[in-house]
Amino acid sequence: METLEVILQDCHSVIREAGALLMNHFDRPLNIRFKGQFNMVTEADLASERFIIDALRQLTPEIPVMSEEEAESGGGVERDNCWMWVVDPLDGTTNFAHGFPHFCISIALTHAGIPELGLIYHPFTQELWSAQRGRGVTLNDHPCHVSVSQTLEISILATGFPYRVRELEQNNLSEFCAFRLRSQGLRRTGAAALDLAYVASGRLDGFWERWLKPWDIAAGWLIVLEAGGSVTDFDGSEMRIGLPRIIASNGLIHGEMIAVLTHPWPRLPSEYLDAL
C-alpha cells in the first residue's frame, strides 16, 4: 500500500471528480426511489458511489469499501477488517433532490475502526476538508481550527433528525428543545458530514445527532479531532465506528453538551407527537 500521504493526495482528485459528477445532476430532473417512507436515493447517489468505489479499488485494491448504498442493500463488508474505506457518496440526498445546495461527499480510511484519513467535499462551494491523523486538517489547503466559544449560551449548534422521527421515541425532539433554550441558536441543515466539517472550521460550535451510520460520521470525526475539537458518545465515552450517536464540539462546550444530553428533559406531550 502507498503511504497515507500519497493516498490522501490521490483521494483529493477522486472526491473532486465525484463532486463534479454530482453537479452534473444537480437541479435537474432525477430518478428517485425510496428506501423507506422518507429515505430516498437518486441516480446521482448511485453514480457517485460507483465512481468512488471503482477509483478506490484501483488505488488500494487490497482494502475493502463500505459505502452507504451497497451496505444498505446487503452489500458492503464487515467492520472488523483491519483497513476499510467508509464512503458516503452523497450526504444530504433530500437537499440535493430538492435543489437545496447543502450536500457533500464523505470518504474515510479507517484502521481497526479508527479513521486515519478523512475527506469531506462540498461540490457546490468547491470546499474540500482533508485530514490525516496526527497531521491536522486543511480546508482548501489552508489550516482550519474549531471555534473559541467558551459557553453553550453563546454557541451555535447543529443537529439532525432520523428518517423515522414519527415512529421513534428517541427522535431528538426533546434534546432539540433543551438545546434551543440553552444555546444562542440551532441549525438543522440535513447533512451530518458537512455539519461536522463546519464544526472543524469554527462555523458551528457543536453538533450532536443519534441514529447515524458509519459513513455519516467517519470522516467528520477525524476532521473535527484534527481541528482541535472533541468527539464522543453522548455520555462522554470514547467514540467508536459503529456507534449511532455523536457529540462533536470545539471542546470548550463539550461538557455542557454532555450535561444536556445526559440529564432527562421533559418529553413533549403525547398529543403533540401524535399530531406530527
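Read the figures in this text as sums done on the coordinates, not as results from a lab. As the structure is a computational prediction, the values presented were derived from the model and not from experiment. As a convention, Cβ positions derive from the backbone with ideal geometry for all residues, glycine included, and neighbour counts pool all protein chains shown.
For this structure, a couple of remarks:
- Subtracting the Cα-Cα distance of residue 94 and residue 46 from their residue separation scaled by 0.36 nm leaves 15.9 nm.
- FRET efficiency for residue 151 and residue 203, using Cβ-Cβ distance with R0 set to 30 Å, rounded to 0.05: 0.95
- Net length gained if the chain between residue 102 and residue 83 were fully extended (0.36 nm per residue, minus Cα distance): 3.8 nm
- Centre separation in Å (Cα based) which lies between the stretch 109-127 and the stretch 208-242: 13 Å
- Neighbour counts of C-beta atoms inside 10 Å place 2, 127 in the sequence 2, 127, starting with the fewest.
- Fewest-first ranking of 11, 144, 82, 177, using other Cβ atoms within 10 Å as the exposure measure: 82, 177, 144, 11
- Relative exposure of 211, 83, 221, 129, judged by other C-beta atoms within 10 Å (fewest first): 83, 211, 221, 129
- On full extension, the segment bounded by residue 3 and residue 27 gains 4.8 nm, given 0.36 nm per residue less the C-alpha separation.
- Here the spin labels are modelled as points 7 Å beyond Cα on the Cα-Cβ line, and at residue 13 and residue 184 they lie 4.2 nm apart.
- For the stretch 59-66, Karplus couplings with θ = phi - 60° (6.51, -1.76, 1.60), whole Hz, Gly/Pro x: 5, 9, x, 7, 10, x, 10, 9
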